[in-house]
Number of protein chains: 2
Amino acid sequence: MKNIVYIATSLDGYIATSDGSVDWLHEIPNPSGSDYGWSELMGRIDAIVMGRNTFETVLSFGQWPYEKPVFVASSSLKEIPAHLEGKVRFIEGTPSEMVSELNGQGYENLYIDGGDTIRRFLAEDIIDEIVVTRVPILLGGGHPLFGSLTEPLKFRHAKTEVFDDILVKSTYLRER
Amino acid sequence: MKNIVYIATSLDGYIATSDGSVDWLHEIPNPSGSDYGWSELMGRIDAIVMGRNTFETVLSFGQWPYEKPVFVASSSLKEIPAHLEGKVRFIEGTPSEMVSELNGQGYENLYIDGGDTIRRFLAEDIIDEIVVTRVPILLGGGHPLFGSLTEPLKFRHAKTEVFDDILVKSTYLRER
């Protein structure tokens, strides 16, 4: 059972500008047509857990990009858009509680997405793997990926790949 | 003429813990005995510019590690320790003023060191190259490498090297 973060950040650790924009991410050329390991990730997870902000951002893209079940961590959202019936459910509780519940339902490997959600999971030290892709830009402000911790968390470098001589994607496993 | 940053950070972008410690950096095993490209860097710079905090931290190490002239950006420090006469000088002004002065003295390629100093140079957009080495730890707080900018700065990825399957060192060149 694994909780996995897979995310892109600027060199200074932001996942979106202060107005929530990820245009700087979408501007990256992709001459190789790579999916940057997305389908490999999707192949080894059972479900996705994301926060309300990420859910609403993805909704704004129009097309729903996930084939795996998505659990939205929210106590305020109640209604699932009609076209996402059966694809999206809401879930509440602490990160550990959510993971226990999902594991109990047979969802063992979870993709954890969204800044707030990732930070809450890291604060409880229940992230097992971080796949972080560095985009060669300094944003100088915005929504940070990482937050404060009560103590440092050590990781083991597993691998680093460079895509199109632009993106540096490194995989880290929690060293417990 | 180039202004170069060469620095190690935690995965969450800190260069020291909140008490200034870099023990987490010194704990990294170095089975290959690599100097991580340090002598190559020293070979292509003419001088080092660092802030007062970095200078005092390096002084506390006991042994002076630099063969190149060091300029300490400080208007408050006045006395150079006797054993560093001829090796260290003080310099004042904005980053651009310091660079002009040093370039005028024949120091063309500068290694810019220390969090405050690096942030001031980046804020004036006069950093040409960033060599950042990611250490596989989340510190969860401390002294950040990067600071706020009035606008994003784009870089071009030049190369990435992995040392001992632990450290990921990426070189970025400013794209103007």
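The values are calculated or read from the model by the stated rules, or taken from the named source; none is laboratory data. Since the model is a prediction, treat every value here as computed from it, not as a measurement. Cβ placement follows ideal geometry from the backbone for every residue including glycine, while neighbour counts extend to all protein chains displayed. Only protein heavy atoms, including side chains, enter the accessible area calculation; ligands, DNA and RNA are left aside. Shrake-Rupley method; radii C 1.70, N 1.55, O 1.52, S 1.80 Å.
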Exercise. Does any residue of the stretch A:105-123 turn out to be of a type outside the set (A, V, I, L, M), within 14 Å of chain B (Cβ to nearest Cβ) and either buried (at least 22 other Cβ atoms within 10 Å of the Cβ) or under 17 Å from residue A:41 (Cβ atoms) (or both)?
Worked result: yes
Exercise. Is it fair to say residue A:24 is hydrophobic (A, V, I, L, M, F, W, C) and under 30 Å from residue B:146 (Cβ atoms)?
Worked result: yes
Seminar exercise, completed: Exactly one of B:170, B:148 is modelled with pLDDT of 95 or more, facing chain A (nearest Cβ under 7 Å) and crowded, with 21+ Cβ neighbours inside 10 Å, and that one is B:170
Problem set entry | Members of the stretch A:151-167 that are more than 7 Å from chain B (Cβ to nearest Cβ) and either within 11 Å of residue A:130 (Cα to Cα) or of a type in the set (Lys, Arg) (or both) | A:158, A:159
Seminar exercise, completed: Selection over the stretch A:35-56 where residues are surrounded by 15 or more Cβ atoms within 10 Å (Cβ to Cβ) and under 13 Å from the mean Cα position of the chain (by Cα) yields a count of 12
Seminar exercise, completed: Condition set on the phi > 0 side of the Ramachandran plot and more than 7 Å from chain B (Cβ to nearest Cβ), scope the stretch A:124-145, selection surrounded by the most Cβ atoms within 10 Å (Cβ to Cβ): answer is A:142
For this session: Please go through the stretch A:133-167 and pick out each residue that is closer than 23 Å to residue B:23 by Cα and not in a strand (DSSP E or B).
Result: A:146, A:147, A:148, A:149, A:150, A:151, A:152
Seminar exercise, completed: Reported set for the stretch B:93-104 where residues are surrounded by fewer than 14 Cβ atoms within 10 Å (Cβ to Cβ) and assigned to a helix (DSSP H, G or I) is B:96, B:97, B:100, B:104
Exercise. What tally of residues in the stretch A:151-165 results from selecting those that are open to solvent by 50 Å² or more (accessible area, probe 1.4 Å) and over 12 Å from residue B:160 (Cβ atoms)?
Worked result: 4
